[in-house]
Amino acid sequence: MTEVAVLPHMTHVQLVKTIMENVRHLGFPQVAEALSRAQHFDIDFDIYVAAGRFAYQMFMDHEFFVDSIAIPPSSPATFRLGDEPSLYVMVYDGKIVRVDQMAVNGATYRQFIWEPGSNRINAGSTVDSKTDEGIFTTHLAAATLGMMLSLLNSPSLVETSPNGHRQERRAANRTHQLPVNAWHRVRWRTAAGRDVERTESEDTGTRKPLHYRRGHVRKAQPHHTGAFATELTDTGWGQWIDGQWVGHPAFGIKKSIHAPTLDEKGLAEFIRRKRSRQVSNST
């Protein structure tokens, strides 16, 4: 019987230090230097799961889009999702967000690039299959990260606090020049926000669980700010109008009524639109 290797649990600080050492060994000192300058965010995995549900729901009516606030709170920044043994390293240059998902050994096995407020999303993977289902899965992962960032940029929904033990952070500063105050923990704003939310909603009697009112595409011309090519308008160009977060996680999180799979017709339509847009952008 073949034994499956299980990676030992690492704290966020240990994970970043290990990846830094490994990328230096692989000959990428600039990546290690970026990690030393980054702010590091430990994300409650439930936030990522909720973002995935909302991203999937959004796709049911549209192509893949990312809201204009789908940007990291600092650049560079790293994100760890729950206890996953990998990091998402994000850089934002004011126009484009670039994401590298890195394993403990320093290898990059997924890359995402998107332009906030548009349908311009590119995604690549060395681990997902090259089938239509694999391509869809990779792009859905990119859209989920974008949705997660829009949640993180909504301070009424999440709260950030210092992460890790100060002794560990100080040691990382001495050995790897990692700033002591660069470590953050992001959780739902529930216990702290519950009384506020209930007080504010007493007059109306509405206590809604968190959900996402989908954004929409507005008809545009190619010279309009943020315009992108799309088949969803009769001009062939559109502008993305951001969705809106409604409710509060203190009252729960609205679940998707759709299973996280795509029927063959929907999958074929997604692939057709993506390929059509790639052709139109190259001409």
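Every number here is computed from the coordinates shown, using simple stated rules; none is lab data. In this text the structure is predicted, and so the values were computed from the model without any measurement. Methodologically, a virtual Cβ is constructed for each residue, glycine included, from the backbone with ideal geometry; neighbour enumeration extends over all protein chains shown.
Between Thr225 and Arg166, what is the label-point separation in nm under the 7 Å Cα-to-beta-carbon projection?
The answer from the label model is 4.4 nm.
Can you sort Thr230, Thr138 by how many other beta carbons sit within 10 Å, fewest first?
Thr138, Thr230
For each of Arg170, Arg189, count neighbouring Cβ atoms within 10 Å of the residue's Cβ, then give the residues from fewest to most.
Result, fewest neighbours first: Arg170, Arg189.
What is the ratio of the Cα radius of gyration of the stretch 1-134 to 2.2 N^0.38 Å, where N is its residue count, to two decimals?
1.12
Taking square-rooted eigenvalues a ≥ b ≥ c of the alpha carbon gyration tensor, is the stretch 87-176 rounded, prolate or oblate, where a/c under 1.5 means rounded and, failing that, a/b exceeding b/c means prolate?
Oblate, because a/c is 1.5 or more while a/b does not exceed b/c.
Can you work out the Karplus-derived ³J(HN,Hα) for every residue in the stretch 45-52? Use 6.51 cos²θ - 1.76 cosθ + 1.60 with θ = phi - 60°, whole Hz, and x for glycine or proline.
Those phi angles translate into 4, 4, 5, 5, 4, 4, 4, x Hz.
Apply the a/c threshold of 1.5 to the C-alpha gyration tensor of the stretch 55-139 and tell me whether it is rounded, prolate or oblate.
Here the stretch 55-139 falls in the oblate category.
Of the peptides 98-107, 219-228, how do they stack up when ordered by the mean number of other Cβ atoms within 10 Å, highest first?
Output ranking for 98-107, 219-228: 98-107, 219-228.
Testing the spin-label approximation: label points 7 Å from Cα along Cα→Cβ at Thr126 and Arg218. State their distance in nm.
4.3
Relative to the present Cα-Cα distance, how much length would full extension add between Glu133 and Thr18 at 0.36 nm per residue of separation?
38.1 nm
To make sure I understand, if each residue's beta carbon is the centre and we count other beta carbons within 10 Å, what order do Arg120, Arg213 fall in, fewest to most?
With the sparsest Cβ surroundings first, the list reads Arg213, Arg120.
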